[in-house]
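The values are calculated or read from the model by the stated rules, or taken from the named source; none is laboratory data. Quick caveat: nothing in here was measured; it's all calculated off a predicted structure. Note that each Cβ is placed from the backbone with ideal geometry, even for glycine, and that neighbours are counted across all protein chains shown. Protein only, heavy atoms only, side chains kept; ligands, DNA and RNA dropped before computing areas. Shrake-Rupley method; radii C 1.70, N 1.55, O 1.52, S 1.80 Å.
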Amino acid sequence: MTTSTESSPGLRPGGAPRRGRLQRIDRERLVLAIAAPVLAVLVSVAICCVLLAAAGYNPFDAFRVMSNYGFASNGQVAILNKATTYYIAGIAVAFGFRMNLFNIGANGQYQLGALFAAYVGGAVNLPSFIEIPLVLVTAMLVGGFWAGIAGVLKVTRGVNEVISTIMLNAITTGVIGVLLVPGRFAPEIKTGSSNSIQTKTMAASSDFFTFNTNGGKLYGFIIIAVLLGVLFQLTLSRTRFGFDLRATGRSEEAAGASGVNVKRMVLISMCVSGALAGLIGMPDLLSADTGHFFGQSVQAGVGFTGIAIALLGRNTPIGIAFATLLWAFLDATAGQLSTSNYPPEIVNVMQGTIVICVVVAYELVRRFGIKRQQQKVGAQLAAQAAAAAKKEVAA
């Protein structure tokens, strides 16, 4: 028997019609979210055009060189391989950002994680299904431990994580210098033809699979990067931990009042962010093309790149994916500009202006959104007042 409180399938309990998933999307909010990065990219392109023209170069030819490489098969593979590393970096930093934690130390965390992972991987020779997980877990544990120091300092002594992670980055350089010497993490008897100091080369069983394409070998680690993005989104949107993380990031006082252990959330978030950062160096370390060792050839500065990408992608997995592809495209095409006698530094200018412009654009869009909300609320109040006045006149 149907009671009066039950609603029909097409109606809400109050009698209002149900809206579909697409109808529930706030289109204006979606447009505003896209407008900021698009505006930032357009402004940065305009600035770079002016700089190239002032230096005597044809800006359209420079962009043609970049686009040609981007559409070439080898260029696409190079971009995706770079994007794999950058995406992990962006996710690692974004995890802290969603908690309102600025993990500036991702750079040191991934370098230290890669060093220990290469050392452990070089000390053993195990089957692939044991060797590769061992290397990954080592990198994550070291990265998480290094970031956890900043978390402990914050919850016990109130040390700002920006300061502590920056200092930990500097300490990382010293720690690597102390450990990466012959007889410690580097073999006493030099192996290979390189004169640089490096860890022992890991066994062939540490090769992570690759996809053979017309443009070259594509990292199989790109699947791991995609899975990290999916897990990141599911954790934030489908778990109690994700809800607590977002609530604490918006207001620690409100989250604490609702029963969330803020200090524990800070510590866990820093450790997880550091553990993800530990994976940044794994696509290169587990690739046979880069040598399976940690040395001077390790890619530097990726942690800072992750900060810019997370900021550009608004700390969402999809946004970070687009920002990663853009960043990887710019980095990969810098070499093509150099071979075509264009200044490759224009790429650095473009990346820097994108970051600056996106910060300004987000603020402008945020203010515009608030103004629009105020106008909507004002219009609704005015309509309610007019309706009330009309009823009074009718009575």
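Applied to segment 142-152, the Karplus parametrisation 6.51 cos²θ - 1.76 cosθ + 1.60 on θ = phi - 60° returns per-residue 3J(HN,Hα) values of 5, x, x, 5, 5, 6, x, 4, 5, x, 5 Hz, with x for Gly and Pro. Per atom type, segment 210-260 shows carbon and sulfur on 58% of its accessible surface, probed at 1.4 Å.
In whole Å, how far is the Cα centre of segment 217-245 from that of segment 291-335? Using only Cα atoms to place each centre, the spacing works out to 17 Å. In the chain, helices alone account for a calculated mean residue ellipticity at 222 nm of -24000 deg cm²/dmol, with every DSSP H run of four or more residues adding -39,500 (n - 2.57). Relative to the longest principal axis of the Cα atoms of the chain, helix 240-250 runs at roughly 80 degrees. Both radii are taken from the alpha-carbon atoms of the chain; with Rh as the Kirkwood radius, Rg/Rh is 1.07. Only Cα pairs under 8 Å and 6+ residues apart enter the sum, and on that basis the relative contact order of segment 57-206 stands at 26 percent.
Rolling a 1.4 Å probe over the heavy atoms of the protein chains gives segment 211-270 an accessible area of 59 Å² per residue. The magnitude of the dipole of the chain, with charges of +1 and -1 set on the Cβ of Lys/Arg and Asp/Glu and taken from the Cα centre, is near 1560 debye. In the full protein context, segment 130-174 carries 48 Å² of accessible surface per residue, based on a 1.4 Å probe and ignoring ligands, DNA and RNA.
For segment 62-122, the convex hull spanned by the alpha carbon atoms encloses 138 Å³ per residue.
For the peptides 284-291, 366-373, the ranking by packing is 284-291, 366-373, with the highest mean count of neighbouring Cβ atoms within 10 Å listed first.
The listed residues L32, L381, L115, L80, once ranked by accessible area (1.4 Å probe) with the largest placed first, stand as L381, L80, L32, L115. With a Förster radius of 45 Å applied to the beta-carbon distance between I197 and S340, the computed FRET efficiency rounds to 0.80.
Specify the inter-centroid distance of segment 361-390 and segment 149-168, based on alpha-carbon positions, in whole Å. Computed from Cα coordinates, the inter-centre distance equals 41 Å.
Scoring 356-364, 323-331 by mean Cβ neighbours within 10 Å over their residues and listing the highest first yields 323-331, 356-364. In terms of overall dimensions, the C-alpha atoms belonging to segment 251-395 reach 86, 48, 21 Å along their principal axes, ordered largest to smallest.
The label-point distance for R246 and D61, in a model that sets each label 7 Å from Cα toward Cβ, rounds to 5.0 nm. Derived scalar couplings between HN and Hα for segment 316-325 equal 10, x, 5, x, 5, 4, 5, 5, 5, 5 Hz in order, rounded to whole Hz, by the Karplus curve 6.51 cos²θ - 1.76 cosθ + 1.60 (θ = phi - 60°), x for Gly and Pro.
Going by alpha carbons, how many degrees (0 to 90, nearest 10) lie between the helix axis of 262-278 and the longest principal axis of the chain? For helix 262-278, the angle is close to 40 degrees. Here segment 124-192 is treated as a sphere whose radius is the Kirkwood value from Cα pairs; by Stokes-Einstein at 10 °C and 1.306 mPa s it diffuses with a coefficient of 109 µm²/s. For the set S205, S338, the ranking by accessible area, highest first and with no ligand, DNA or RNA atoms included, is S338, S205 under a 1.4 Å probe. Angle of helix 106-123 to the longest C-alpha principal axis of the chain, folded into 0 to 90 degrees and rounded to 10: 40°.
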